[in-house]
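Engineer: Before I ask anything, here is the structure I am working with.
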Amino acid sequence: MPTLPDWYLPYFPELRSGPPWVMEDMIEAEPGLARLIEELKEPAAQLAEAVRAACEGGGTVTVVGSGTAEHAAFGVADILDEAARETGIRPGTVSARESFEASLDPPGAGLVIAVSHGGISVAAVWALEAARAAGLQTALITSAPGETPVSAVADITLIAPLVDASFCHTVGYLAPLLTAGAVGAALTGSGLSTADIEAHLNAALAARTQARRVAADLHGVAVHLAAGSGADMHAARELVLKIEEGVRVPAAMRGLETLMHGHFVAADETTSLIVLVTDRRERARRADRAVLALRAARHLAVRTALIGTADVIERVPAEVASAGVILVPDDGKLPAALASRTGTALTLQLLTVGLVREAGVNPDLIRREQQRYREVSFMTETKLR
């Protein structure tokens, strides 16, 4: 067994000298997470009843998280909100916030659900403590078994069966989304097929080659832009975080209309634009706006790519997506919010891995192998270990 460097800590990811990286192992394992639909059926039903009680009692459901967990929290909120609407609960009852912000100003009544993959987020603890102090019920979606600092302040805990082994989280994003799918199914009383979910995730993984080709063309730019509308805005935000953590290249997210409002003033041939269009709601209209944005970007020699469903790809002329397209599956078998969120989850992870391979860096430690970045990680530590 090779000797580990002095700076390596016991909770760091496995230290590898080259690919496949631990992050890649996690992505390949993600279709197996479909099993949590059955494994979490009982606690999912318990949380579904808490969601129903909060909404029918005149309160709200607030989902909180930080970093990747924050982006997952917005997905969880969308999935639960879609299910709540199907049951007749008033629209807008379920929403998401960043954990720290929620700790400063907790909701007046209802339920607060924290997303914390490892269960050790300081901000998540603060958010649930503030909620309890305000008389709200609390819950946790996590992958950490046993009692953790966050589970200690949660009335209900749902534990997904796979812990992310890389600091560049993939499972930490997808698992909460699937957990929310189980809760949504319990809320509506509809069946959610484990086989359908596994097939959906495997179909998303089938875009590996497309993702590598797009990554090869986008490699070398100074900054990546990711854009979307509707559900795709938060997927674009997660893509930006993955690129910055894994590839170590600056990236920024823009709402599709915001991007065009500024008429690409800071973009040129050193920029890439990755547009996501998978939201089932008004998808054709969103696709038309995406074509306009991509065409404008190409006029400035920006390298462009599209992440979209088959019907979107058919609407987008090949010349406006210079780096290519990545297909996101949607056969209509899953609820709209769940299909969009889980499909893009694997797709954006595959694109990140492609960019990582082109850059020749290790994504797993998110630069902790370098002393200054390791020191900064300790300075800004947001976990309770």
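The values are calculated or read from the model by the stated rules, or taken from the named source; none is laboratory data. All figures in this text were calculated on a predicted structure; none of them were measured in a lab. When we count neighbours, we look across all protein chains shown, and the Cβ atoms used for this are built from the backbone with ideal geometry, even at glycine. Remember, those area values only see protein heavy atoms, side chains included, never the ligands or the DNA or RNA. Shrake-Rupley method; radii C 1.70, N 1.55, O 1.52, S 1.80 Å.
Engineer: So how much slack lies between Glu129 and Glu42, counting 0.36 nm per residue of separation and subtracting their Cα-Cα distance, in nm?
Structural biologist: 28.8 nm
Engineer: Still on this model: Quick check for you: with a 1.4 Å probe and neighbouring chains kept, what is the accessible area per residue of the chain, in Å²?
Structural biologist: Per-residue value: 40 Å².
Engineer: Sequence neighbours fewer than 8 away in the same chain don't count; with that in mind, list the lysines whose C-alpha is under 30 Å from Lys383.
Structural biologist: Output for Lys383: Lys41, Lys242.
Engineer: How much FRET efficiency would the formula 1/(1 + (r/R0)^6) give for Ser377 and Ala266, where r is the Cβ-Cβ distance and R0 is 30 Å, rounded to 0.05?
Structural biologist: E(calc), rounded to 0.05, equals 0.55.
Engineer: Fully extended, how many nm does the chain gain between Asp196 and Asp105 (0.36 nm per residue separation, minus their Cα-Cα distance)?
Structural biologist: 28.8 nm is the gain from fully extending Asp196 to Asp105.
Engineer: Relative contact order of the chain: what whole-number percent is it, with Cα pairs under 8 angstrom and at least 6 residues apart?
Structural biologist: It rounds to 19 percent for the chain.
Engineer: If ligands, DNA and RNA are left out, what is the accessible area of Ile313 with a 1.4 Å probe, given in Å² to the nearest 10?
Structural biologist: 40
Engineer: With P(r) over Cα pairs in 20 Å bins from 0, in percent as the read-out, I listed [x] 30, 58, 12; [y] 24, 41, 27, 8, 0; [z] 24, 48, 26, 2; which label goes with the value calculated from this structure?
Structural biologist: Evaluating P(r) over Cα pairs in 20 Å bins from 0, in percent on these atoms matches [x].
Engineer: Taking the chain as a Gaussian network, where each spring joins two C-alpha atoms under 10 Å apart, which residue of Ala266, Ala310, Ala84 fluctuates the most?
Structural biologist: Ala266
Engineer: Let me ask you something else. Quick one: 3J(HN,Hα) in Hz for region 359-369, Karplus 6.51/-1.76/1.60 with θ = phi - 60°, rounded, Gly and Pro as x.
Structural biologist: For region 359-369, the Karplus curve yields 7, x, 10, 8, x, 5, 8, 6, 6, 6, 6 Hz.
Engineer: What percentage of the solvent-accessible surface of the chain, computed with a 1.4 Å probe over protein heavy atoms, is contributed by carbon and sulfur atoms?
Structural biologist: Whole-percent figure for carbon plus sulfur exposure: 53.
Engineer: With only Lys, Arg, Asp and Glu charged, each at its Cβ (+1 for the first two, -1 for the last two), find how big the charge dipole of region 58-161 is about the Cα centre; round to the nearest 20 debye.
Structural biologist: Once rounded to the nearest 20, the dipole reads 140 debye.
Engineer: While we're here: Sort 166-177, 365-376, 16-27, 140-151 by the packing proxy (mean of other Cβ within 10 Å over each peptide's residues), most packed first.
Structural biologist: 166-177, 140-151, 16-27, 365-376
Engineer: Ranked highest first by the average count of other Cβ atoms within 10 Å around their residues, in what order do 43-55, 195-207, 297-309, 336-348 fall?
Structural biologist: Packing proxy ranking, top to bottom: 336-348, 297-309, 43-55, 195-207.
Engineer: Search the structure for amide H atoms under 5 Å from the amide H of Val277, placed 1.01 Å from N in the peptide plane, and list their residues when 5 or more places away or on another chain.
Structural biologist: Ile307, Gly308, Thr309
Engineer: OK, next. Please state the charge dipole magnitude for region 289-385, taken about the Cα centre, from unit charges on C-beta atoms (+1 on K and R, -1 on D and E), reported in debye and rounded to the nearest 20.
Structural biologist: Rounded to the nearest 20 debye, it is 340 debye.
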